[in-house]
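Report on the structure given below.
The values are calculated or read from the model by the stated rules, or taken from the named source; none is laboratory data. This one's a predicted model, so the numbers in the text were calculated from it and none came from an experiment. Quick reminder, even Gly has a Cβ in these numbers, built from the backbone with ideal geometry, and neighbours come from all protein chains shown.
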Amino acid sequence: MEKVRWGVLGTAKIGTMKCIPALQASACGRVHAIASRSLASAQDAAVRLGIPKAYGSYRELLADDEIEAVYIPLPNHLHVPCTLEAAEAGKHVLCEKPMLLRPEDAAQLRAASAKVLVMEAFMIRFHPQWLRARELVRGGRIGTPRAVQVYFSYFNTDPANIRNRPGIGGGGLYDIGCYAIVAGRFLLDAEPLAAVALFDWDPAFGVDRTASGLLDFGDGRQLAFTVGTQCVPCQRVQILGTKGRIEIEIPFNAPKDGPTRLFVDDGAALDGSGIEEETLPPCDQYALQGDAFARAIRGEAALPYGIDDALMNARSLDALFRSERSRAWEKV
């Protein structure tokens with residue numbers, strides 16, 4: 001099929017280091033232009049990444065008739081307004097997570113999605129290790145799934161970093177807690193009903209630096225997670241069932257140039273001697289995500305995830321924040 005012509009709004013690291021190189025190397029797309037509030041910054045990124053056009057404003061890029069779709073890696077508070085502006089310009093939108101900071105903004109995005117395709121960018125859902133883990137769960141390999149456990153942390157005390165700025169959607173829950181929610185929804189094949197949370201707030205930054213949550217998915221299924229922005233780097237996901245356990249070794253920042261591993265344990269030996277290992281070949285999850293979106297643009301496949309999916313993530317985040325304030329279970 002004809003490759004989709006992408007534009008990128010912003011020169012954030014997630015874009016320049018991860019998504020843009022992946023889109024450039026993908027089967028179904030190519031990056032045609034990049035924009036920044038600074039023309040010099042856009043030009044520098046364009047030269048480094050082999051992008052034909054550079055713009056000194058987002059609106060200039062959106063006015064480019066050659067651009068079919070945009071990728072938005074901007075700070076969280078800009079996701080909704082920039083998605084709406086891109087949709088108004090007739091561009092399909094792949095927006096970084098979390099697309100929504102408030103569930104009530106979904107109505108505007110739903111109206112926009114009547115004109116163009118809009119998808120929240122959770123690249124993990126396209127990685128073969130996640131698809132294989134869900135396949136094993138669906139196939140009964142671990143019996144009836146009961147719980148998903150997620151640990152995700154890094155250490156960042158830079159006051160200038162957007163993750164440490166509360167007014168623009170900073171904090172651990174928005175940045176990486178959203179991945180835990182997606183993990184539970186993806187692996188349990190269900191939607192959460194209620195949530196309870198415990199936060200630790202950084203006294204200087206005013207953002208949550210440690211957040212733990214418990215989400216009830218009904219029928220005895222639950223998600224438990226801890227995420228932290230000032231903890232030792234760690235990434236682990238486990239799915240526990242009545243007859244076994246699956247662990248995803250590097251679930252979120254899977255290496256694109258090396259294999260990934262799943263561990264399947266029937267629990268027969270607590271020392272782990274009975275664990276079976278599955279190895280999956282290298283791939284770029286960002287490229288797979290871009291190709292899935294591009295095929296939907298071309299009408300060769302259905303849009304994998306839409307506004308209703310993003311809304312459920314937002315409702316879950318909102319319930320956790322409400323629970324932290326109320327110190328009680330909150331409905332999702």
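Somewhere in the range 157-167, is a residue assigned to a loop (DSSP other than H, G, I, E, B), within 25 Å of Ala12 (Cα to Cα) and among the small types (Gly, Ala, Ser)?
Yes, because at least one residue in the range 157-167 is assigned to a loop (DSSP other than H, G, I, E, B), within 25 Å of Ala12 (Cα to Cα) and among the small types (Gly, Ala, Ser).
Within the set of pairs 6 or more residues apart or between chains, which connect a residue that is of a type in the set (A, V, I, L, M) inside the range 200-224 to a residue that is in a loop (DSSP other than H, G, I, E, B) with Cβ atoms less than 6 Å apart?
Val207/Gly170; Val207/Gly171; Leu215/Pro192
Restricting to the range 136-156, name every residue that is outside any loop (DSSP other than H, G, I, E, B) and small (Gly, Ala, Ser).
If the condition is that a residue be outside any loop (DSSP other than H, G, I, E, B) and small (Gly, Ala, Ser), then Ala147, Ser153 are the ones that fit.
Does the range 152-161 contain any residue that is in contact with a helix residue (DSSP H, G or I) (Cβ under 8 Å, 6 or more places away or on another chain) and without any contact (Cβ under 8 Å) to a residue 24 or more places away in the chain?
yes
Count, please, the residues in the range 1-31 that happen to be within 22 Å of Leu84 (Cβ to Cβ) and surrounded by fewer than 22 Cβ atoms within 10 Å (Cβ to Cβ).
3
Quick one: is Gly206 at pLDDT 95 or above and buried (at least 24 other Cβ atoms within 10 Å of the Cβ)?
Numbers: at pLDDT 95 or above: yes; buried (at least 24 other Cβ atoms within 10 Å of the Cβ): no.
It is false that Gly206 is at pLDDT 95 or above and buried (at least 24 other Cβ atoms within 10 Å of the Cβ).
May I ask you to verify whether Thr229 is buried (at least 21 other Cβ atoms within 10 Å of the Cβ), within 30 Å of Leu117 (Cβ to Cβ), within 20 Å of the chain's Cα centre (by Cα) and among the β-branched types (Val, Ile, Thr)?
So Thr229 does not fit the description; no.
Residue pairs, Cβ under 8 Å, 6 or more apart or interchain, first in the range 71-91 and closer than 20 Å to Thr16 by Cβ, second crowded, with 19+ Cβ neighbours inside 10 Å and among the polar types (S, T, N, Q). List them.
Sorted first by the residue in the range 71-91, then by its partner, the pairs are Ile72/Thr83.
Kindly provide the set of residues from the range 202-226 that are assigned to a strand (DSSP E or B), within 24 Å of Asp265 (Cβ to Cβ) and either of a type outside the set (Ser, Thr, Tyr) or outside the structural domain of Tyr174 (by TED's automatic domain parsing) (or both), ordered by number.
Listed by number, the residues that qualify are Leu214, Leu215, Phe217, Arg221, Gln222, Leu223, Ala224, Phe225.
Starting from the range 137-148, keep only residues that are touching a residue at least 40 places away in the same chain (Cβ under 8 Å), then list their pairs with residues that are loosely packed, with under 13 Cβ neighbours inside 10 Å and outside any loop (DSSP other than H, G, I, E, B) whose Cβ atoms are within a distance under 9 Å, requiring at least 6 positions of separation or different chains.
Close Cβ pairs satisfying both conditions: Arg141/Glu135.
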